Amino acid sequence: MSHGDLETGAGLRELVERLYPLCRSITGDGVRRTLEIVGEHIPLEIHEVPTGTRVLDWTVPQEWNIRDAYIKDASGRRVVDFGESNLHVVGYSVPVSRKMPLAELREHLHTLPDRPSWVPYRTSYYSPTWGFCLAQETLDAMPDGEYEVCIDSTLADGSLTYAEHVVPGEVADEVIISCHTCHPSLANDNVAGIAIAAAFARTLQTPQKPHYTYRFLFMPGTIGAITWLARNDDRVGRIKAGLVLACAGDPGSLTYKRSRRGDAEIDRVLAYVLADRAHKIVDFSPYGYDERQFCSPGFNLGVGSLTRTPYAGYPEYHTSADNLDFVSTAAMEETLRTLRDAQAVLDRNRSYVNLSPYGEPQLGKRGLYDSLGGRSDAKQAQMAMLWVLNLSDGEHSLLDVAERSGLPFDSVVAAAQALHDAGLLKD
Amino acid sequence: MSHGDLETGAGLRELVERLYPLCRSITGDGVRRTLEIVGEHIPLEIHEVPTGTRVLDWTVPQEWNIRDAYIKDASGRRVVDFGESNLHVVGYSVPVSRKMPLAELREHLHTLPDRPSWVPYRTSYYSPTWGFCLAQETLDAMPDGEYEVCIDSTLADGSLTYAEHVVPGEVADEVIISCHTCHPSLANDNVAGIAIAAAFARTLQTPQKPHYTYRFLFMPGTIGAITWLARNDDRVGRIKAGLVLACAGDPGSLTYKRSRRGDAEIDRVLAYVLADRAHKIVDFSPYGYDERQFCSPGFNLGVGSLTRTPYAGYPEYHTSADNLDFVSTAAMEETLRTLRDAQAVLDRNRSYVNLSPYGEPQLGKRGLYDSLGGRSDAKQAQMAMLWVLNLSDGEHSLLDVAERSGLPFDSVVAAAQALHDAGLLKD
Amino acid sequence: MSHGDLETGAGLRELVERLYPLCRSITGDGVRRTLEIVGEHIPLEIHEVPTGTRVLDWTVPQEWNIRDAYIKDASGRRVVDFGESNLHVVGYSVPVSRKMPLAELREHLHTLPDRPSWVPYRTSYYSPTWGFCLAQETLDAMPDGEYEVCIDSTLADGSLTYAEHVVPGEVADEVIISCHTCHPSLANDNVAGIAIAAAFARTLQTPQKPHYTYRFLFMPGTIGAITWLARNDDRVGRIKAGLVLACAGDPGSLTYKRSRRGDAEIDRVLAYVLADRAHKIVDFSPYGYDERQFCSPGFNLGVGSLTRTPYAGYPEYHTSADNLDFVSTAAMEETLRTLRDAQAVLDRNRSYVNLSPYGEPQLGKRGLYDSLGGRSDAKQAQMAMLWVLNLSDGEHSLLDVAERSGLPFDSVVAAAQALHDAGLLKD
């Protein structure tokens, strides 16, 4: 099967369009098919965790699959049809096949009266029930009378599916990029995030390893993150940073939500990288995506969340209006660039120790300084060397140097490299 | 003797009106009579500390009592009369009975030239002298000539009187509420404070004990607080918070003066409680009321001061214009409400430890979470639970949670209670 | 030889005028002659450090002296003449005596095209070369053709010269005042600084010793400071504070550049002293004068820099326009006053411990308090005593007290002295 180059906007959009129609949930074949498609771009290790497995305070639920669902009117016409949109069925609905009057059916119908043409997205993972979501307009047009309702679903022991993709780094310390795979046809939340994560993973596949090991996690929200954390107790200590990626394609400006720590390295890196772009930075709150789990007090990892408009922050959120038209190719490209920029800073952010800390070392004799003094225009490269030497006491990282000096991070890195090569700095 | 309900404005005012005329000082029968009247509302333990007792760096002074005092003109008319206002005599004046020309008398007269109709309030506790305070207008109308001056006072060994009222709490840790009882007819400073302290004490007399033990201290300024501290060395370690209450009834907005620590729990509680009211918050200074003693560097207690217009901050301060008209019933009621609100926060402010800190615990299976997911309107109660769980690492109190989350303290407390009942939190 | 009183503006200016014409560099007779003149005002200990001496990461260079230099045109006229201004020769130029066409000569000529009438200042200490600095106008007027160039200089083994002047204090802990002596005819940078340092040293020669020992360092920039630091390893630990003095006479407002620590005592003192004057305070950067060396990470001393317009911050910087007209007598006087004010605060800034920390001590019985109470106008002296008592817990200095209370430092010092005399404070 052919596929586009994910590093272009067109490639990203093509992947989003392929993933959008699938009926994903926290378990089931829609997730498996999603991971299959992502796997065409980057190799994935697929994990299947059986129903009933205890994971932290939770238990892996039964697996849900659905083939068809509809509400037929008295004439036999499908007035609500799962075939048209998988949002029409409440996620994890138990099977049903009955006739009932509209009055009784209403208790199982969900609409958005304020947005009469939109279909809401609803789930009921841990409380067995069934239901349909539909436009208020559709409901208003349904006469009283008998309706035939059918949900051809299965809720049975099976497994929860998640996938990992690992890019080995120079060191075993890890950066995790996590995105949820449990939402059906919601383009921004989170098909765009899945596609951008895959694209970002591809950019790391170069002969030159990244400094950190990058672990990409494609897993259902909440239960997926909890399952992964439960099964990776020994790995958690190696996680130096992480980002939960969601709502990554809408036209709003970028938003970074800090880790619970608030001053983790990832928080500083994102603040630095976003400074040149329209953006917002918000403090951690225990509501949103899987940063809730990574930042629970027992783990308290340096994991933030990168979105465009954040969780529940736009009217289209969790409705049929979060569709392919809602995500912008340019926005997805910008989110991807931001991830790459963040990686470029994070991977090069080190703390050095000045080996000649008493007075300035003589840069001139090492060819690191202009020989003709007295000129008042200090060159940026020389300033960067002086700053790196002055702050390299083991307590300041290169990002600290860049922030304190106001010099570009790239210049600071180049200065540190030159000084390291000259034997003036050690790691 | 009948008395009004202190928890109403009318009751507060009635008590203020009864206390106002008494001639209080740092010792003497005026204080005793004041405590007798307060004792009609709340049981008081009266302490008498003999003259000459060493208390910290101080010594309990002789007791002062006064029966009459006047300045008579040549015609025998009392131009200044203690019977009209106890402010007319300098507090702790030694006895005198002499005739003298106005020129000589002037050295013993105190006026407020800028406020010619007001009588100032003056004392001389530790330097034996005598004097009269009068309106500048009165002085201006006094012709030269002989005057008969009489102060029928006694300065003799006796005792210093103070009182305590204790409301036992669930724990022995204490909150102190202190107000000075040494000022004569000054309504705002501090008859209003005495009345409001008594009213606040009454509100705590419910079948349900407060969490902390509340100790009310009615004692003369400076020497009283020093005496109490000297005699309660063993108790000081149990004081978790405190408020010095003064100037509690004037029409100005509420003012909270922080403890010396500046970030004590009481400082945070008052800031939280006052946020919804017109108020000012000022930093500690070693000038004002008995917070000076509680916040001396050796004790450094978490004791702030609650006033309306603060110490010396209004023209009527320490003059005859601080009279019954100056205090407002509505202002006293608001001060009382603020104390009650502060107690409600302080008594319920705890730090919990999340017993399921790795990932979020599954609230749904404990009946603590809405079963139907996907809705974007997060309920406040659920948000409060998530915040309490996330921050309950033993280092955050519920007030921290309320401040960080922006949620009402009551919701946070309710969430903590529900989580505690579900076995998810421990104290 | 007679000389003016340095503590007057006229005396300062006279010294500046005498020093200005000398051809200083990082070594050589110009520096020696400069120190001789300074030595007429304050006794100096002169140090000569031989060429080749290893100092930290550096080596003392050869000594440079120059007698004459010129460019003669075809008619034999000196179009550029060292005799007119020592800026005309690139510092440390190797000897040359040749004829060459203008095209070849141009590679050795430095001008300021944007300031066509100004001569730039250039040096080449560590890379052997030669060159001339001249006005762009002069260059523009030079016809093509042969020129005779002569630099009658010597670059030979010798020594680096620096000087110290020490004012012994009550304690051996030191304050250093450092100024660079390596610039030729640049009035603000740093003849004014040399003169003001000498004047400041004179003000300390009173019968009453300063608290700290004050060490004045007159030495060439960079290599001088490095040489001093290399030879005074044992003394560095005694340096409690310091100021690098430069650009001390231009008409711009005062600028204080913080030490690398940012919160060293000297940083607090200068902020306090400058608060009443037009000023700027800037954070440390590893670029400027010898604070670069004192604040290198291995030393990290509490040394800031006092200038008027800072390093490289004015168009005249490192040009012939930094001449005698550029420095203002009033500005030099203000810089000197600021140094004296800073010394007055620094030398009196102590931390005391309240020996009566439980409650307030009774000031009245010690004659430290007005006996007649009840007056609402608190005297500044009494407020200062209360503040000093309250904050004297060993963790607050008198400067802390002044800042926290808003009271003048002098009042705070007077209060501390009174309390100390009364036995209420210990050092």
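Quick look at the values:
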read-out: Strands (runs of 3 or more DSSP E) wholly inside the range B:1-108 that include at least 3 residues being closer than 22 Å to B:E148 by Cβ; value: B:63-72, B:78-81, B:96-101
read-out: Qualifying residue in the range B:365-385 (condition: open to solvent by less than 40 Å² (accessible area, probe 1.4 Å) and away from chain A (no Cβ under 13 Å)); value: no
read-out: Criterion: within 14 Å of chain C (Cβ to nearest Cβ) and surrounded by 18 or more Cβ atoms within 10 Å (Cβ to Cβ) - qualifying residue of B:G224, B:G237; value: B:G224
read-out: Scan of the range A:247-280 for residues that are within 14 Å of another protein chain (Cβ to nearest Cβ), surrounded by fewer than 19 Cβ atoms within 10 Å (Cβ to Cβ) and among the basic types (K, R), ordered by number; value: A:R261
read-out: Lone qualifier among C:V166, C:V119, C:V191 - being closer than 20 Å to C:C247 by Cα, of a type in the set (A, V, I, L, M) and out of contact with any Phe, Trp or Tyr (no Cβ under 6 Å at 6 or more places or on another chain); value: C:V119
read-out: Scan of the range B:263-277 for residues that are touching a residue at least 40 places away in the same chain (Cβ under 8 Å) and either among the aliphatic types (A, V, I, L, M) or within 15 Å of B:S397 (Cα to Cα) (or both), ordered by number; value: B:A264, B:E265, B:I266, B:R268, B:V269, B:L270, B:Y272, B:V273, B:L274
read-out: Index of the failed condition, A:G28 passing every other in (1) away from chain B (no Cβ under 14 Å); (2) out of contact with any strand residue (DSSP E or B) (no Cβ under 7 Å at 6 or more places or on another chain); (3) under 20 Å from A:T161 (Cβ atoms); value: (2)
read-out: Which numbered condition A:H3 fails, given (1) of a type outside the set (G, A, S); (2) over 16 Å from A:M332 (Cα atoms); (3) modelled with pLDDT of 95 or more; value: (3)
read-out: Subset tally (residues that are in contact with a strand residue (DSSP E or B) (Cβ under 7 Å, 6 or more places away or on another chain) and part of a helix (DSSP H, G or I)) for the range A:396-413; value: 0
read-out: Residue among B:N86, B:N65 that alone is surrounded by 15 or more Cβ atoms within 10 Å (Cβ to Cβ), within 30 Å of B:L6 (Cα to Cα) and more than 24 Å from the chain's Cα centre (by Cα); value: B:N65
read-out: Filter result (in a loop (DSSP other than H, G, I, E, B), acidic (D, E) and touching a residue at least 60 places away in the same chain (Cβ under 8 Å)) within the range A:161-215; value: A:D173
read-out: Members of the range C:338-358 that are within 14 Å of another protein chain (Cβ to nearest Cβ) and either under 11 Å from C:L398 (Cβ atoms) or surrounded by fewer than 22 Cβ atoms within 10 Å (Cβ to Cβ) (or both); value: C:S351, C:Y352, C:V353, C:L355, C:S356, C:P357, C:Y358
read-out: Criterion (touching a Lys or Arg at 6+ places or on another chain (Cβ under 7 Å) and open to solvent by 60 Å² or more (accessible area, probe 1.4 Å)) met by exactly one of A:E36, A:E7; value: A:E7
read-out: A:F294 vs. criteria open to solvent by less than 20 Å² (accessible area, probe 1.4 Å) and touching a residue at least 24 places away in the same chain (Cβ under 8 Å); value: yes
read-out: Failed item in (1) without any contact (Cβ under 8 Å) to a residue 12 or more places away in the chain; (2) not in a loop (DSSP other than H, G, I, E, B); (3) not β-branched (V, I, T), with C:F218 passing the rest; value: (1)
read-out: Unique residue being of a type in the set (A, V, I, L, M, F, W, C) and open to solvent by 10 Å² or more (accessible area, probe 1.4 Å) when the list is B:V175, B:V166; value: B:V166
read-out: Total residues in the range A:281-323, condition small (G, A, S) and within 12 Å of another protein chain (Cβ to nearest Cβ); value: 6
read-out: So B:S328, is it at pLDDT 95 or above, crowded, with 20+ Cβ neighbours inside 10 Å and more than 9 Å from every other protein chain (Cβ to nearest Cβ); value: no
read-out: Search result, residues across the range C:259-287 that are closer than 19 Å to A:P357 by Cα and touching a strand residue (DSSP E or B) at 6+ places or on another chain (Cβ under 6 Å); value: C:S259
read-out: Inter-residue pairs, beta-carbon under 6 Å, first within 18 Å of C:L155 (Cα to Cα) and in the range C:87-100, second buried (at least 24 other Cβ atoms within 10 Å of the Cβ) and modelled with pLDDT under 95, 6+ apart; value: none
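Table: residues versus (1) surrounded by fewer than 18 Cβ atoms within 10 Å (Cβ to Cβ); (2) among the acidic types (D, E); (3) more than 9 Å from chain C (Cβ to nearest Cβ).
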residue	(1), (2), (3)
B:M100	yes, no, yes
B:A103	yes, no, yes
B:E107	yes, yes, yes
B:V119	no, no, yes
B:R122	no, no, no
B:S127	yes, no, no
B:G131	no, no, no
B:A135	no, no, yes
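The values are calculated or read from the model by the stated rules, or taken from the named source; none is laboratory data. Worth saying up front: this structure is predicted, and the values here are computed from it rather than measured. When we count neighbours, we look across all protein chains shown, and the Cβ atoms used for this are built from the backbone with ideal geometry, even at glycine. These accessible areas exclude ligands, DNA and RNA; they are computed on the full protein's heavy atoms, side chains included. Shrake-Rupley method; radii C 1.70, N 1.55, O 1.52, S 1.80 Å.
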